[in-house]
1. How much net charge surrounds Ala212 when only the other residues with a Cβ under 13 Å from the Cβ of Ala212 are counted, with Lys and Arg +1 and Asp and Glu -1?
2. I need the peptides 192-198, 222-228 ranked by packing, meaning the mean over residues of other C-beta atoms within 10 angstrom, with the highest value on top.
3. Grab the DSSP H runs of the chain that are 4 residues or longer, score each as -39,500 (n - 2.57), total them, divide by all residues and round the 222 nm result to the nearest 500 deg cm²/dmol.
4. Report relative contact order for the chain in percent, whole number only (criteria: Cα-Cα under 8 Å, sequence separation at least 6).
5. Using the structure shown, select from Lys181/Lys266; Lys21/Lys270; Lys21/Lys201; Lys181/Lys336 the pairs with a Cα to Cα distance greater than 31 angstrom.
6. Using a 10 Å cut-off on Cβ atoms, rank the peptides 152-165, 110-123 from the highest mean neighbour count down.
7. In terms of the Cα gyration tensor, with a ≥ b ≥ c the square roots of its eigenvalues, is the chain rounded because a/c is under 1.5, prolate because a/b exceeds b/c, or oblate?
8. Rank-order 124-133, 54-63, 329-338 by packing density, defined as the average count of other C-beta atoms within 10 Å over each peptide's residues, highest first.
Amino acid sequence: MATHIAEATAGTGTAAGGHLKLEDRIWLLRAMLLMRGLEERAMSLYRQGRVPGSFYDGYGQEAVSAGPAFAMAAQDRLCVLHRDLAAHIVRGVTPARVLAQYLGRATGVTGGRDGNVHFGDRNLGCVGMISMLPDMMLVATGMAMAFKLRGERRCAITWFGDGSTSRGDFHEAMNWAGVQKLPVIFVLENNQYAYSTPLEKQFAVDPVERAAAYGFVGVTVDGNDVEATFEAARTARERALSGDGPTLIEAVTMRMHGHAAHDDMKYVPKDQVEEWRKRDPIDRQAARLGELGVDVDALRAEVHEEIDAAAAEALAAPMPDPAGAVDGVFCVGEAKPLGDGQAPWSGFREDEA
Ligand SMILES: Cc1ncc(C[n+]2csc(CCOP(=O)(O)OP(=O)(O)O)c2C)c(N)n1
């Protein structure tokens, strides 16, 4: 990635109070470009009839998953939602496996058993996505409880939407995490709509205020600024590891596409979408780095090539063998613990030095 740095023209190029080096800031842009590029390619394959089932994307929300996932260490555990592909990319899921997942191929993360971002690679510390919303809040809380009981220095993080805040599970997870002061981070992805339900029909108070009701910190962050979402999660992780309990991070963003590919979102005012387009998280990070002398066009071209190669690989991959359809439904033999994921943030490498 250093090849994209022509010359750091403004000081050291660090950001987020010095926690992000220039290489990290480029990494964040790259993760968001990969998410967008992969989802655009998958959407095009969907329109060609090659993606089974429906199709969901997180266009315009890339910073909500890229930043917080980047702030997590290898031993932390993630419960990732359906519009948060960048978290999987940060953890180390390759572009070819992502596209094979959309295409239902044997080489996809679930081997054709599920589609979209309904997956988790247990070897990279990610729990398989649970569709019932927001049950992953309870799973993350349970994992954090285990970390606390074992005295381990690690945390769990999960993402959920504004629609999830009206469910009982949200309150149960928040309450237990608060009572037990658990090392868990809740990222509320406030993207203005839960399918067709707008915020004013979802809650009467901003849900970030509910954190105080459960005895812990709630912060609101610009969900379209990847360095801000990183910094909010980095601080929350520090708090969690110091024994100071959970954090609710409300990342304010916009769902720029329909709920799924079949939804033309006629219920969303066009002006609202256009207003948010001006705050596109990728454009913003690209502009920042461009000012520092980073060759963003070269980075875009490299990501594009990577996606082309991944698409060719995924399209050439075999369909799964139906005989293995129920493999993995039940645990056979000894249960294997989740593996650790990739943790690319330079702050973790410095810890080891
Ligand atoms: C308990 C439950 N009810 C309904 C659904 C179907 N469903 C999947 S995503 C979704 C919209 C959720 O909205 P929100 O939580 O705001 O997340 P967003 O999709 O906007 O990211 C719905 C209704 C579900 N998965 N689980």
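1. Overall, the nearby charge balance is -2.
2. 222-228, 192-198
3. Rounded to the nearest 500, it is -13000 deg cm²/dmol.
4. Normalised by residue count, the contact order of the chain is 26 percent.
5. Checking Cα-Cα distances, Lys181/Lys266; Lys21/Lys270; Lys21/Lys201 exceed 31 Å.
6. Ranked by mean Cβ neighbours within 10 Å, highest first: 152-165, 110-123.
7. Here the chain falls in the rounded category.
8. For the peptides 124-133, 54-63, 329-338, the packing ranking is 54-63, 124-133, 329-338.
Coordinate-derived values only; no laboratory data. Since the structure is predicted, the reported quantities are computational estimates derived from the model, not experimental observations. Please note: Cβ atoms are built from the backbone with ideal geometry, for glycine as well, and neighbour counts cover all protein chains shown.
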